[in-house]
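Scroll down for the structure; my scribbles are underneath it.
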């Protein structure tokens, strides 16, 4: 089997899986973006209540300019950034995403190990993600196996970041569900919708990690065949 055959067998299934998961997330988010919360709270208000009830009254919640699902918690600035589809709407989807991002803030406050590890890895990964492909191309063009080896090792760092991200995201979703229930911010029926949104979002990280891991496996196998 040639390299292209190996590439197709390993990577096409994960690519299709990733596209399928992204479609499901968009469909799920859109569905629950049309279901209003009984409480009438906006996503920003849900996040504010969670943070305040956990002693994080000073942590700011900003309205970001990004598109749907660009929401994030910045551990360096200790700030929550919510996109317009989450910040202002009073929907189940907005509550789910806002609570999830608040979960990251709670992780930070608690010193959650996986989050600390991911934050420590981020500067290195930012460099690795943008340089490994150039090192690989140089190695292939020059026929330099040492450069190809370095490229694979550098890419492995980026893959490790994807793996570390999984427990961080799953734990944030678990914290989100607990906070929404314990604080009475959603009803029992709404909680089911929240869980579906959180599950769909979590699977995008699983698909991303699987794609990165599969690509690393392809490079390793192709390297060993030479």
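The residues in region 136-155 that are crowded, with 17+ Cβ neighbours inside 10 Å and under 16 Å from residue 215 (Cα atoms) can be counted, and the count is 7. Going by the conditions given, is residue 199 surrounded by fewer than 17 Cβ atoms within 10 Å (Cβ to Cβ) and farther than 22 Å from residue 162 by Cα? When the stated conditions are applied, residue 199 does not pass them.
The set of residues from region 170-194 being touching a residue at least 60 places away in the same chain (Cβ under 8 Å), touching a helix residue (DSSP H, G or I) at 6+ places or on another chain (Cβ under 7 Å) and in a helix (DSSP H, G or I) comprises 171, 172, 173, 175, 176, 177, 179, 180, 190, 193, 194.
Could you check how many residues of region 36-72 are part of a helix (DSSP H, G or I) and in contact with a strand residue (DSSP E or B) (Cβ under 8 Å, 6 or more places away or on another chain)?
First, the residues of region 36-72 that are part of a helix (DSSP H, G or I): 43-53.
Among the residues that remain, those that are also in contact with a strand residue (DSSP E or B) (Cβ under 8 Å, 6 or more places away or on another chain) are: 43-44, 47-48, 51.
So the answer is 5.
In a helix (DSSP H, G or I) and modelled with pLDDT under 95: which single residue out of 126, 99, 105, 93 fits that description? If you could, list the steps in order and put the result at the bottom.
On the way: 99 fails: modelled with pLDDT under 95; 105 fails: modelled with pLDDT under 95; 93 fails: modelled with pLDDT under 95.
Exactly one of 126, 99, 105, 93 is in a helix (DSSP H, G or I) and modelled with pLDDT under 95, namely 126.
Under the condition of being surrounded by fewer than 17 Cβ atoms within 10 Å (Cβ to Cβ) and at positive phi, the residues counted in region 47-95 number 2.
The values are calculated or read from the model by the stated rules, or taken from the named source; none is laboratory data. The model shown is predicted, which means the values in this text are computed figures rather than measured ones. Quick reminder, even Gly has a Cβ in these numbers, built from the backbone with ideal geometry, and neighbours come from all protein chains shown.
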